[in-house]
1. Helix 67-76 against the longest principal axis of the chain: what's the angle in degrees, Cα atoms only, rounded to the nearest 10?
2. Once Rh for the range 5-123 is found with the Kirkwood sum over Cα pairs, what is the Stokes-Einstein diffusion coefficient at 37 °C and 0.692 mPa s, in µm²/s?
3. Relative to the longest principal Cα axis of the chain, at what angle does helix 238-248 sit, 0 to 90 degrees, rounded to 10?
4. Let me make sure I get this right: for the range 148-263, a, b and c are the square roots of the gyration tensor eigenvalues over alpha carbons, sorted descending. Under 1.5 in a/c it's rounded, otherwise prolate if a/b > b/c, else oblate. Which is it?
5. Nothing charged except the Cβ atoms of Lys and Arg (+1) and of Asp and Glu (-1): what's the magnitude of the dipole of the chain about its Cα centre? Round to the nearest 20 debye.
6. Magnitude of the Cβ-charge dipole of the range 171-259, K/R +1 and D/E -1, about the Cα centre, nearest 20 debye?
7. Return the label of the correct value of Rg/Rh (Cα atoms, Kirkwood Rh), as calculated from the structure shown, out of (1) 0.96; (2) 0.92; (3) 1.37.
8. Taking every DSSP beta bridge with both residues inside the chain, roughly what % is antiparallel (nearest 5)?
Amino acid sequence: MTSQSILSSPQLIEPEDLILPLRNDDLLIQVTAPNVFSQAHIEGAVLLEPAQLCCGIPPAVGKLPDLPLLQQAMARIGYHPNRRVIAYDDEGGGWAGKLLWVMDVIGHHNWAYLNGGLHAWAAAGRALSAGEFLAPTLSSQTQLEFNSHAVAEINDVLAAIDEPNHVILDVRSREEYLGGRSGSARAGHIPGAVNLDWELLKDPSRHWRLRNSLREDFASLGIDQTTQVITHCQTHHRSGLSYLVGRLLGVDIRAYHGSWAEWGNDPSLPIE
């Protein structure tokens with residue numbers, strides 16, 4: 001396969017290829033702050049705030065929210081399991097990727113990512129709308145359930161450390177990985193973890209679309225379709241993007257949603 005192969009995934013939509021007005025069975029979700037949405041959004045999009053994808057409970061503030069809270073958030077935007085979810089954000093895929101991870105967690109696999117999000121959309125000359133988000137008058141009453149396949153917990157990470165076909169992918173900055181900086185009580189990284197800064201997954205010269213070299217970049221870390229991957233960052237925000245990339249590449253990948261916020265604050269866990 002060529003370095004372009006990631007771009008052939010049906011779950012990756014280029015801004016030029018998204019047809020407006022949206023089909024009725026498409027749910028286009030912008031994952032940004034409300035003020036960003038009010039300034040710029042794609043016609044027909046609904047708003048989901050990043051905080052709605054996180055539990056917000058220290059130290060691991062980025063873990064899954066309680067199911068009733070997530071259900072309330074999804075109902076407000078008109079979520080239904082029969083709709084295709086298309087996600088985008090204003091930062092090249094971190095929050096959009098986290099939303100799509102949540103989709104996998106609730107067993108909703110009919111999703112796509114709008115490559116490059118708002119920046120690539122605007123650069124392609126596509127129209128942007130302004131105005132506050134008004135929730136649909138008819139909200140969804142779909143009952144959600146959590147499926148643990150996409151989720152890694154502490155015990156899963158501990159078990160993966162010494163497994164030869166498992167890779168722990170840390171997408172924090174190199175400085176964080178090496179222990180020069182930390183958002184937790186302890187600095188360093190999970191033993192055996194490999195590092196790829198999440199910023200290197202995005203191409204600023206192409207308006208924050210995914211890099212064309214991602215299959216090769218992952219392969220250089222020992223990641224391909226024969227490996228099992230657990231990815232994390234500090235709060236499972238940046239690793240939303242690495243999870244998304246893994247899924248687009250057909251990699252068996254899970255996200256450790258406690259991330260370094262949990263691991264680095266637990267003195268009983270090993271670090272390097």
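1. Between helix and principal axis, roughly 30 degrees.
2. Answer, rounded: 225 µm²/s.
3. Computed tilt is about 80 degrees.
4. Oblate shape, in that a/c is at least 1.5 and b/c is the bigger or equal ratio.
5. 380
6. 220
7. (1)
8. 10
No lab work stands behind these numbers, since they all come straight from the coordinates. Model, not experiment: these values are computed from the prediction. In this analysis, Cβ positions are derived from the backbone assuming ideal geometry, glycine residues included, and neighbour counts consider all displayed protein chains.
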